[in-house]
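Below: one structure, written as structure tokens.
The values are calculated or read from the model by the stated rules, or taken from the named source; none is laboratory data. These numbers were taken from a predicted model, which means no experiment stands behind them. Cβ coordinates were reconstructed from backbone atoms using ideal geometry, including for glycine residues, and neighbour counts include every protein chain displayed. Keep in mind that these areas ignore ligands, DNA and RNA; they rest on the heavy atoms of the full protein, side chains included. Shrake-Rupley method; radii C 1.70, N 1.55, O 1.52, S 1.80 Å.
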Amino acid sequence: MASKGPIVTNMLATQLTEELKHRAASLGFVLCGVTSAAAPRRLDSFLNWLEAGFAGQMSYLAERREAYSHPRHVLDGCKSILMLALPYAVSTAARDASAQPKSARVAQYALGTVDYHDVIHERLKLLQAWLRERVPTATVRGVVDTAPLLEREFAESAGLGWVGKNTLLLNRTWGSYFFLAAMLTDVELVTDAPTDKGYCGTCTACLDACPTHAFPEPYVLDATKCISYLTIEQRGSIDESLRTQLDGWVFGCDVCQEVCPWNRRVPESVEPAFAPREDLANFDPIDVLKLNDEQFRQRFRKTPLWRAKRRGLQRNAILIVGTQRNQAAREPLLQLLEDEEPIVREAAAWALRRLEPDEPG
């Protein structure tokens with residue numbers, strides 16, 4: 001049975017909500033807003049997206065489809081959701097370096113020295129502890145993109161921004177270069193006005209710039225064609241029709257963010273944990289081809305790139321050097337023909353064929 005939740009008067013709720021937001025800001029969250037626990041406004045669109053097969057191999061989404069229908073499936077008795085945004089560094093140096101021939105690119109959010117989940121969860125724990133000190137009977141849970149919660153929908157409902165044509169949450173000050181997090185509670189907080197207006201206008205820059213044409217229409221992403229999905233979530237071989245379209249991205253993709261006008265004047269993040277690592281900002285795909293399991297672990301264990309595993313990151317790097325016809329990769333590719341991972345062996349054979357002078361485009 002759902003908890004009735006602690007009783008907080010209107011006056012106390014107003015003060016509590018204001019102090020909670022102030023505490024969140026002191027922890028580095030640049031955007032915060034409260035929305036009531038309710039069914040997401042675009043739940044039907046999400047379910048239709050699943051039915052269309054646009055989730056690809058992310059079967060966990062369909063397996064938990066019922067849980068997405070209401071926040072109570074994430075926290076029993078949930079009444080309020082505090083939506084939060086933490087910005088990450090945007091490295092122009094990384095963008096400039098990756099523009100060089102024979103280079104590879106890592107998405108901006110993954111350039112830091114630690115996994116963002118760890119950073120945000122630590123701060124959510126502090127925020128939860130703060131609320132429990134004020135309301136000892138409160139039930140609280142913090143989540144960061146792993147719970148069955150449509151975070152962008154609730155962030156829009158909490159007034160943090162609007163969902164853009166590239167399906168990312170956009171804010172007029174912070175653009176889209178930020179992480180979303182949520183703190184659910186059975187305490188009734190004062191809600192913020194939802195964002196009911198978008199500011200994309202007639203702009204289609206994000207849709208036009210996508211290298212793989214992953215947007216069948218505005219506000220709809222076919223993940224099976226998205227470079228971020230292909231380089232991170234796709235567990236097997238990448239379809240040959242898409243291999244040469246990765247556009248140099250070895251992990252993730254920022255194209256639809258880079259061309260967005262709302263990202264032109266984003267404030268610089270001062271979060272040390274997200275400061276770009278030199279070896280990721282200047283990424284050499286051939287270095288990745290030479291890594292064994294232990295070397296991969298030592299280099300990427302505490303970073304977002306760990307999610308791709310060695311086989312996935314090497315597959316991506318192989319496809320990039322093959323697309324670039326990088327002859328310097330020949331020797332490590334020959335070594336990878338004997339790799340224990342089938343997707344690595346297959347990708348290496350494909351790349352070596354492309355290094356042959358008579359191989360067509």
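Among the candidates VAL119, VAL90, single out the residue that is in contact with a helix residue (DSSP H, G or I) (Cβ under 6 Å, 6 or more places away or on another chain), assigned to a helix (DSSP H, G or I) and either in contact (Cβ under 8 Å) with a residue 40 or more places away in the chain or loosely packed, with under 15 Cβ neighbours inside 10 Å (or both). Of VAL119, VAL90, the one residue that is in contact with a helix residue (DSSP H, G or I) (Cβ under 6 Å, 6 or more places away or on another chain), assigned to a helix (DSSP H, G or I) and either in contact (Cβ under 8 Å) with a residue 40 or more places away in the chain or loosely packed, with under 15 Cβ neighbours inside 10 Å (or both) is VAL119. Residues in segment 38-57 that are more than 19 Å from PHE154 (Cβ to Cβ) and either hydrophobic (A, V, I, L, M, F, W, C) or surrounded by 15 or more Cβ atoms within 10 Å (Cβ to Cβ) (or both): ALA52, PHE54, ALA55, GLY56.
Being open to solvent by less than 40 Å² (accessible area, probe 1.4 Å) and assigned to a helix (DSSP H, G or I): is that true of SER228 here? Yes, satisfied.
Of all residues in segment 140-172, those satisfying the criterion of being open to solvent by 30 Å² or more (accessible area, probe 1.4 Å) and not acidic (Asp, Glu) are ARG141, THR146, ARG152, GLY159, LEU168, ARG172.
Residue-wise test of (1) open to solvent by less than 80 Å² (accessible area, probe 1.4 Å); (2) within 30 Å of VAL135 (Cα to Cα); (3) assigned to a loop (DSSP other than H, G, I, E, B); (4) touching a Ser or Thr at 6+ places or on another chain (Cβ under 9 Å).
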residue	(1), (2), (3), (4)
VAL190	yes, yes, yes, yes
PRO194	yes, yes, yes, yes
TYR199	yes, no, yes, no
THR202	no, no, yes, no
ASP208	no, no, no, no
PRO211	yes, no, yes, no
ALA214	yes, no, yes, yes
THR224	yes, no, no, no
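For ALA181, the conditions (1) open to solvent by 20 Å² or more (accessible area, probe 1.4 Å); (2) among the small types (Gly, Ala, Ser); (3) in contact with a Phe, Trp or Tyr (Cβ under 9 Å, 6 or more places away or on another chain) all hold with the exception of (1).
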